[in-house]
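Okay, structure first, notes after.
The values are calculated or read from the model by the stated rules, or taken from the named source; none is laboratory data. Since the structure is predicted, the reported quantities are computational estimates derived from the model, not experimental observations. Virtual Cβ from ideal backbone geometry, glycine too; neighbours counted across all protein chains shown.
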Amino acid sequence: MGTYSCAGSKGQGLRENATMSDLQHAPFDELAALYAVGALSENDRTAFETHLETCLECVSEVKSLLPVTHALVHGAPPLDAPAPLRARVLGQVTATAPAPRDRPEPAAAPLDALFSGLDEPDTPTPFVTPRRRGPGVLFWLAASLLIATTGGVGWYVAELRSQVQSLRAALDAATRLTQRAETQMEAARAATAEREAVLALVTGSDVQQLDLEGQPLAPRASARVLWNNAAEMVFIATGLPSLPAGDVYQLWFVLPDAPVGAALLEPDQNGDATVMLEVPDTVTLPPVMAMTVEPAGGVPAPTGDLYLLGQPTR
Amino acid sequence: MLLGTLIDVTGAGWGRTPTDDRVVDRETAQRMAEGNPEALAAVYDRHIRLVFGLAMRVLQDQGDAEDVVQEVFSQAWTQAKRYDATRGSVASWLLMMSRSRAIDRLRSRRAKPDSAPLPHDTAVVDLPDPAQGAEHGVLTAESASGLRVALAALPLTQRVAIELAYFEGLTQTQIAERLEQPPGTVKTRIRTGLLKLREALESE
């Protein structure tokens with residue numbers, strides 16, 4: 001945009017945007033006329049539309065000029081068309097069916113509120129909060145209000161509505177993707193944090209451990225529980241058989257009076273499972289630990305078969 | 001509101017009011033949306049001179065202009081249900097589609113290196129002389145007389161710059177090269193000309 005002179009008239013502009021400095025505005029000064037008549041290159045037009053979203057003065061000038069440029073469409077002299085054209089056009093066109101009238105409109109969304117004012121000639125033109133990026137559609141909504149209320153090329157509004165609906169669909173899709181990415185990122189972040197915690201624990205100088213052995217139902221399974229002086233504890237198992245749907249592994253601290261549930265585990269496809277455990281105050285270290293198979297969701301006291309057992313050598 | 005009134009008399013016969021035209025436009029578009037070929041024929045007969053004139057003004061080629069006419073009426077036929085008479089005349093609707101399609105076609109033609117050279121200086125050579133307005137249909141019943149008169153009344157340099165942009169789809173830089181003038185001069189001519197047009201139309 002640097003090729004445009006910055007000298008300009010502020011005469012009839014309505015500078016209401018206090019955040020827009022003259023320095024920011026200067027490269028775009030007086031470009032409204034070029035924009036309205038379609039004489040900006042694609043790059044300059046995009047830059048100017050971005051500027052429009054933050055400059056009420058330029059919006060005001062464009063709005064005042066758009067009805068003029070739209071009226072210019074009537075500036076070409078009418079001409080008689082060749083007579084055979086009529087039959088050709090009418091024949092080919094009517095061979096295709098018009099679009100059905102009763103095609104349902106997409107559900108209304110907040111952006112539609114901007115259009116609702118179009119039916120009320122006295123509705124003030126909304127000036128929209130600046131956005132980070134975009135094709136300037138919101139500006140066009142504002143600019144088109146004048147056209148609509150002066151009875152000009154109001155069909156343009158329908159085009160805008162269509163464009164906004166497309167944009168909204170794209171935005172919804174992008175939002176869903178973003179949410180999914182954020183969820184995955186959050187999961188990854190949590191997994192990373194847990195890995196780091198496990199790593200810190202097992203590499204600590206005060207780490208202690210207890211091994212659990214596979215019982216007859218899972219002879220190839222084994223596990224190790226590690227803890228430190230801060231009572232941070234991790235349970236690492238491998239070789240666990242896969243379970244039928246509806247069953248889950250449940251780990252227990254075995255206390256003298258009754259077992260206390262420690263965690264539910266769902267091994268990965270290799271039969272591996274790692275989980276950080278909270279050690280209840282009632283547990284004396286080193287603990288006695290056992291793992292059973294229980295119904296999904298776990299149970300308050302063990303009811304199923306024993307798969308792993310570990311107890312300290314006294 | 002004056003501008004809207006001005007636009008809406010386009011395509012109307014003298015003595016008809018904008019309200020009459022709105023009613024006709026709405027009813028015709030509705031019949032088109034219902035698939036009535038006679039309605040399309042009526043719209044064609046009423047507006048073809050405007051549409052073809054604009055397409056010829058932009059493209060300067062009869063074959064291309066006829067193709068644009070075909071596309072415009074096809075679009076009007078398939079999108080008639082979207083037309084809203086309270087928001088503009090059928091003439092404006094058709095003409096905006098015509099300009100858009102014609103400019104697209106013109107730019108596409110320019111992008112082809114082996115295409116026929118563009119009619120340079122057409123804006124200067126072919127501009128209707130205000131004194132010969134009747135020959136160009138300026139005073140016919142189908143014209144938007146106020147706009148035409150105001151455009152014709154502009155100084156030639158301003159009118160040429162505006163028409164090169166609006167009817168030939170040229171950018172400020174391209175107009176500057178065509179007219180061998182600095183870009184700043186082109187910008188000033190366009191802006192001054194548009195402001196004069198606005199003033200003239202608002203005083204109608």
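Among what's in region B:160-186 and is of a type in the set (D, E, K, R) and surrounded by 22 or more Cβ atoms within 10 Å (Cβ to Cβ), pick the residue that is modelled with the highest pLDDT.
Step by step, filter region B:160-186, then rank; the result is B:163.
Sort out which residues of region A:71-94 are facing chain B (nearest Cβ under 7 Å), of a type outside the set (D, E, K, R) and part of a helix (DSSP H, G or I), and write them in order of number.
Residues satisfying the conditions are A:71, A:72, A:73, A:74, A:85, A:89, A:90, A:92, A:93, A:94.
Yes or no: region A:291-299 includes at least one residue that is among the hydroxyl-bearing types (Ser, Thr, Tyr), free of Cβ contacts under 8 Å to residues at least 12 places away in the same chain and more than 30 Å from residue A:192 (Cβ to Cβ).
Within region A:291-299, none of the residues are among the hydroxyl-bearing types (Ser, Thr, Tyr), free of Cβ contacts under 8 Å to residues at least 12 places away in the same chain and more than 30 Å from residue A:192 (Cβ to Cβ).
Where residues in region A:74-116 are in contact with a Ser or Thr (Cβ under 7 Å, 6 or more places away or on another chain) and surrounded by 18 or more Cβ atoms within 10 Å (Cβ to Cβ), which of them is modelled with the lowest pLDDT?
A:98
Going through B:66, B:71 one at a time, which residue ends up being in a helix (DSSP H, G or I), over 13 Å from the mean Cα position of the chain (by Cα), within 8 Å of chain A (Cβ to nearest Cβ) and within 21 Å of residue A:95 (Cα to Cα)?
Going through B:66, B:71 in turn, the sole match is B:66.
Regarding residue B:100, is this residue surrounded by fewer than 20 Cβ atoms within 10 Å (Cβ to Cβ) and more than 8 Å from chain A (Cβ to nearest Cβ)?
Judged against the criteria, residue B:100 is a match.
Taking the conditions exactly as written (crowded, with 24+ Cβ neighbours inside 10 Å and more than 9 Å from chain A (Cβ to nearest Cβ)), does residue B:25 satisfy them or not?
Considered against the rule, which asks whether it is crowded, with 24+ Cβ neighbours inside 10 Å and more than 9 Å from chain A (Cβ to nearest Cβ), residue B:25 comes out as yes.
Please go through region A:183-229 and pick out each residue that is within 33 Å of the chain's Cα centre (by Cα), β-branched (Val, Ile, Thr) and surrounded by 11 or more Cβ atoms within 10 Å (Cβ to Cβ).
Result: A:198, single match.
Looking only at region A:225-240, count every residue that is free of Cβ contacts under 8 Å to residues at least 40 places away in the same chain and not hydroxyl-bearing (Ser, Thr, Tyr) and tell me the total.
6
Among the acidic types (Asp, Glu) and free of Cβ contacts under 8 Å to residues at least 24 places away in the same chain: is that true of residue A:194 in this structure?
no
For region A:27-34, indicate whether the set of residues that are under 30 Å from residue B:47 (Cβ atoms), facing another protein chain (nearest Cβ under 7 Å) and part of a helix (DSSP H, G or I) is non-empty.
Yes - at least one qualifying residue is present in region A:27-34.
Limited to region B:137-159, what total is found for residues that are assigned to a loop (DSSP other than H, G, I, E, B), within 11 Å of chain A (Cβ to nearest Cβ) and modelled with pLDDT of 90 or more?
Summing the residues that are assigned to a loop (DSSP other than H, G, I, E, B), within 11 Å of chain A (Cβ to nearest Cβ) and modelled with pLDDT of 90 or more in region B:137-159 gives 1.
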